[in-house]
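S.K.: The structure's right below; bear with me while I get my questions together.
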Amino acid sequence: MKKLLKSIVIVSLTILVLGYSNTAFAGNKDRSGQAGATELLINPFAASSGWGNAGMSMVHGVEAMWGNVAGITATNSLDLNFSYTNWLKGSEINLMSFGFLTRVSESVVAGLYVMSFSPGEIYRTTTENPDQTLGTFKPSLMNINIALAKSFSNSIHAGFVIKIISESISDMVGTGVAIDAGIQYVTGITDNIHFGITLKNIGPTMKFSGDGLTFSATPESFWGSDLTVIHRADQFELPTQLNIAAAYDFNFNAGYRLTVAGNFTSNSFSKDQFTLGLEGSLKDYLVLRAGYSYEEGIWEDIESDECTNVNSGLSLGASVQAPLSEKMKVSIDYSFRESKHFKGTHSIGARIIF
């Protein structure tokens, strides 16, 4: 049985790595800006973002559907999560997410979460009316995620997420699908050593369609007749990403814990990142987090060519958790992500765990 489980892990890891290398390994920083649907790379949840996504190897609950879907297998019965994010405070961009998990069998957990990204209102202009007098329009970006994960043993967990992507304005829409896959492996005398690998946003190209790509014109050969001309929209790829993560728990007496975690992120359309994080738990009532993400050029001035990320790298977070009964626990989460020029990104969330 152990040989079978090891074979499953090896085969799964091989599929993940080979799939990534075939579809995304050619990408690098020189391809920055060439992918679409980059909202898929934004963590909408307050707890896991509090230490800069360092905990990909041990993330649990609804947030694991974004981080590493294998972690949803830790759900006992039911898990609910709501989070609100003020993205780059001052930009008037907000994110809202809601999700739930439920155990469907002894070893299988299923879940769903929805993320809505609101960039605010944008003035409507044309070449004939460039003075912002035509009113406004409001873009809509939404991702619907359906997850399924299975525990193959007490140590090995794996799962996948199917994503439905929708981006639209009043007269144009783009839709697509993508898949995430993830594995978590837990070992150690007290299950205090964690490893994880996640392949995110694998899917076909997307493109936009709709009346926004059309305009009326009068060719010289048509006397007084207007024709509707349709622009051809180019296709764009999704921001594929590979994460390899590890964590170690230092468990102390009286229920205190300190976790050191690290995560390497290989981005197919931007620079690779290294993230280190610390999480301290005080008897599970108070959890404090800190993380730092580094990429090439992040310490340079934002106006220089070397710096291509508005985030400064520092993340801070905290959770206050309280049991309401023997089987139910409530948690309030907060995270802050430092940024340049703006006043940071602030997230607040609430979890109910049964």
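S.K.: Given a cut-off of 12 Å, what percent of all Cα-Cα pairs of segment 304-354 lie beyond it? If you can, show how the numbers build up before the last one.
M.R.: Numbers: 874 of 1275 pairs.
Roughly 69 percent, once rounded to a whole number.
S.K.: Does segment 263-354 come out rounded, prolate or oblate, given a ≥ b ≥ c as the square roots of the eigenvalues of its C-alpha gyration tensor, rounded meaning a/c under 1.5 and, failing that, prolate meaning a/b above b/c? Don't jump to the answer; show the numbers that get you there.
M.R.: Values: a/c = 3.00, a/b = 2.45, b/c = 1.22.
Taking the square roots of the gyration eigenvalues as a ≥ b ≥ c, segment 263-354 is prolate.
S.K.: Along segment 84-98, what does the Karplus equation 6.51 cos²θ - 1.76 cosθ + 1.60 (θ = phi - 60°) give for ³J(HN,Hα), rounded to whole Hz, x for Gly and Pro?
M.R.: Going residue by residue, I get 10, 10, 9, 7, 6, 3, x, 8, 6, 9, 10, 10, 10, 9, 9 Hz, with x marking Gly and Pro.
S.K.: Can you list the HN-Hα couplings for segment 332-349, worked out from phi with the Karplus curve (6.51, -1.76, 1.60; θ = phi - 60°), rounded to whole Hz and with x for Gly and Pro?
M.R.: 10, 10, 9, 9, 10, 10, 6, 9, 9, 6, 8, 9, x, 10, 10, 10, 9, x
S.K.: Now for a separate question. With Cβ to Cβ distances under 10 Å as the rule, what net charge do the other residues near L258 carry (K, R +1; D, E -1)?
M.R.: Details: positive: R257; negative: D249, E279.
Combined, the nearby Lys, Arg, Asp and Glu give -1.
S.K.: Still on this model: Taking a 1.4 Å probe, which of W299, W87, W51 shows the most accessible area, and what order do the others take after it?
M.R.: Order by accessible area, largest first: W299, W87, W51.
S.K.: Give, as a single signed number, the net charge of other residues whose beta carbon lies under 12 Å from the beta carbon of D171, with Lys and Arg counted +1 and Asp and Glu -1.
M.R.: Working: positive: R124; negative: D211.
Local charge sum for D171: 0.
S.K.: Also: Hey, could you grab the Kirkwood Rh for segment 254-308? Inverse mean 1/r over distinct alpha carbon pairs, Å, one decimal. List each step's numbers first, then the result.
M.R.: Details: mean 1/r = 0.0751 Å⁻¹.
Over segment 254-308, the inverse of the mean reciprocal pair distance is 13.3 Å.
S.K.: Something else now. Short version: ³J(HN,Hα) in whole Hz for each residue of segment 191-208, in order, from phi by Karplus 6.51 cos²θ - 1.76 cosθ + 1.60 (θ = phi - 60°), x for Gly and Pro, what are they?
M.R.: Going residue by residue, I get 6, 9, 10, 10, 10, x, 9, 9, 10, 10, 6, 8, x, x, 5, 10, 7, 9 Hz, with x marking Gly and Pro.
S.K.: Could you tell me what % of all Cα pairs in the chain have separations over 34 Å? Don't jump to the answer; show the numbers that get you there.
M.R.: Values: 18306 of 62481 pairs.
Summing the P(r) of the chain above 34 Å gives 29 percent of all pairs.
S.K.: Which length gain, in nm to one decimal place, applies between T228 and N192 when the Cα-Cα distance is subtracted from 0.36 nm times their residue separation? Present the calculation step by step, with values, prior to reporting the outcome.
M.R.: Values: separation 36, 0.36 × 36 = 12.96 nm, distance 6.42 nm.
Here the segment from T228 to N192 would lengthen by 6.5 nm.
S.K.: How much accessible area per residue does the chain have, in Å², with a 1.4 Å probe?
M.R.: Accessible area per residue, the chain: 52 Å².
S.K.: Quick check: at a probe of 1.4 Å, how many percent of the accessible area of the chain sits on carbon and sulfur atoms?
M.R.: On the way: 11210 of 18460 Å².
Carbon plus sulfur share of accessible area: 61 percent.
S.K.: Would any residue of segment 273-297 have its amide N under 19 Å from a label point 7 Å out along Cα→Cβ of Y256? List them or say none.
M.R.: 278-290
S.K.: List, in the order given, every pair from K163/K327; K163/K271; K207/K340; K89/K271; K89/K207; K138/K163 whose Cα-Cα distance in the structure shown is over 27 Å.
M.R.: Details: K163/K327 31 Å; K163/K271 24 Å; K207/K340 31 Å; K89/K271 24 Å; K89/K207 30 Å; K138/K163 23 Å.
Too far apart for the 27 Å limit: K163/K327; K207/K340; K89/K207.
S.K.: Once the other residues with Cβ under 12 Å from the Cβ of G36 are scored (Lys, Arg +1; Asp, Glu -1), what is the net sum? All intermediate terms of the calculation are to be shown ahead of the outcome.
M.R.: On the way: positive: K207; negative: E39, E167, D234, E237.
My count for the surroundings of G36 gives -3.
S.K.: What length, rounded to one decimal in nm, is gained on full extension from S91 through to K343, with 0.36 nm per residue of separation minus their alpha-carbon distance?
M.R.: Separation in residues times 0.36 nm, less the Cα-Cα distance, equals 89.8 nm.
S.K.: To continue, here is another question. For K329, which aspartates and glutamates qualify as cross-link partners when the Cα separation must be under 20 Å and same-chain residues fewer than eight apart are set aside?
M.R.: E63, D79, E279, D284
The values are calculated or read from the model by the stated rules, or taken from the named source; none is laboratory data. Since this is a predicted model, take the numbers as computed values, not measurements. Positions of Cβ are backbone-derived with ideal geometry, glycine not excepted, and every protein chain shown enters the neighbour counts. Note: areas computed on protein heavy atoms with side chains; ligands, DNA, RNA excluded. Shrake-Rupley method; radii C 1.70, N 1.55, O 1.52, S 1.80 Å.
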